[in-house]
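The values are calculated or read from the model by the stated rules, or taken from the named source; none is laboratory data. This is a predicted model, so every value here is computed, not measured. Heads up, the Cβs are rebuilt from the backbone with ideal geometry, glycines too, and the neighbour counts pull from every protein chain shown. Just so you know, the surface numbers come from the protein's heavy atoms only, side chains and all, with ligands and any DNA or RNA stripped out. Shrake-Rupley method; radii C 1.70, N 1.55, O 1.52, S 1.80 Å.
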Amino acid sequence: MSTSTEQLSDQLAATTLLRFATAGSVDDGKSTLVGRLLHDSKSVLADQLEAVEHASRSRGQEAPDLALLTDGLRAEREQGITIDVAYRYFATPRRRFILADTPGHVQYTRNMVTGASTAELAVVLVDARNGVVEQTRRHAAVAALLRVPHVVLAVNKMDLVEYQESVFAAIAEEFTTYASELGVPEITAIPISALAGDNVVEPSANMDWYGGPTVLEHLETVPVSHDLTACHARFPVQYVIRPQTAEHPDYRGYAGQIAAGAFRVGEEITVLPSGKKSTITAIDALGESVDIAWAPQSVTIRLADDIDISRGDLLAPSGDAPATSQDVEATVCHVADQPLAVGQRVLLKHTTRTVKAIVKDIPSRLTLDDLSQHPNPGQLVANDIGRVVVRTAEPLALDAYADSRRTGSFLLIDPADGTTLAAGMAGESFATAKAVAAVDEEEGWDF
């Protein structure tokens, strides 16, 4: 490994940031868990806690309702549910966190897709009294589709089942079996009581039969790998910079954010979809020239040749460039109220490129109860998960979503009003058992 790559790996390893999302069915206690996590980890400011205590007293509650720390919308507080995705930022001495608290209602499953799309870990809550329900399966399926590498099953409200180990064990076995069939590579089950604080931050005195980590301990220690050698380097062009000033008369740079991997000066690249090749002569970052840049830095790349490059083009190493195609086979989570039908004309947005497209076929819709495929449904409605075949007007350079979450994902958009119709993931729906075993043997996933 070269010195520059070693330095880069050290820098990334020192950035201990974990993005995670919470999910679960209605009233499973997601917001209470998040509130307890923030409160017990001393991540709540005094004025925030005072506001929650005041709001709780006004509702006739003696103890502060920690769910109010994340349920910020008036409708959420009035109904006692989560509607929108609530993002929270907090830190402990061991790691920094970006948390997405996602809603539990079926009609808001699309919000869970938004929250989990960039997550490296998903906490799926289950009410110990109800066990695994349909929405639990739906959220597990979404986590698997989005290739979230770590899933935590938090069996909540253990205090309401008298902290019985047998209840926890039965739920953990059922969920683990289901999630494993979906191809989730790592599942950790933790019995908790978010209301009482058992096994959230501090170990529970009521469940001495459990010897595993608390939720926070697991979040602080779960491995988050940034293995550069496993990343496919991709650079979607956002803007072409040509100052044409006396100081920079011939400057031509291609600005954007590196989606994955690393780029180096002197490296040969291919411009897609045109297929033209050139060599990187300079990389400008924060006003300075650097020899190497990596995801997710925003940089300007300069090339040896004057090539026709515009917004939406993709730069990739010539030896590792993705194939281009106008036929996209993918799994989509339908998020709009209006259905997605065969023959419908849409816009497909992939990284910085937006092209016209048509839905050629919807081969199947996923049935969550038994993971079977319902063939030829004709259309997908809100919160459906299904396979689609899309034909684009121009070639696209898509990776398989399993290889790169950034460049293997896309959106289908209504050209009439700009409404997002579906979130798509190119390639196979779920990881196979063979693929999961391969991931377990490797150092990490490509984000």
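List the lysines whose alpha-carbon lies under 23 Å from that of Lys30, not counting same-chain residues fewer than 8 positions away? Leaving aside lysines fewer than 8 places away in the same chain, those within reach of Lys30 are Lys42, Lys157.
At 4 °C and a viscosity of 1.567 mPa s, what translational diffusion coefficient does Stokes-Einstein give for the range 324-426, taking Rh as the Kirkwood radius over Cα pairs? Give it in µm²/s as a whole number.
The Stokes-Einstein estimate is 96 µm²/s.
Give me the percent of accessible area attributable to carbon and sulfur for the range 124-257, probe 1.4 angstrom. Walk me through the numbers before you get to the answer.
Values: 2540 of 5450 Å².
Here it works out to 47 percent.
Sorting Tyr87, Tyr163 by solvent-accessible area of protein heavy atoms yields Tyr87, Tyr163, largest first, with a 1.4 Å probe.
Compute the length gained on full extension between Val290 and Val381: take 0.36 nm times their separation in residues and subtract their Cα-Cα distance, giving the result in nm to one decimal.
Values: separation 91, 0.36 × 91 = 32.76 nm, distance 4.82 nm.
Once the chain is fully extended between Val290 and Val381, it gains 27.9 nm.
Cross-link partners of Lys360 among lysines, defined as those whose alpha carbon lies under 28 angstrom from its own and excluding same-chain residues fewer than eight positions apart: Lys349. For Arg242 and Ala416, the FRET efficiency from 1/(1 + (r/R0)^6), where r spans their Cβ atoms and R0 equals 35 Å, is about 0.55.
For the range 225-288, the Cα-based Rg and Dmax, in that order, read 13.5, 45 Å.
What accessible area per residue, rounded to a whole number of Å², is obtained for the range 315-427 using a probe radius of 1.4 Å? Intermediate results must be reported in sequence, preceding the final value.
On the way: 4560 Å² over 113 residues.
That works out to 40 Å² per residue.
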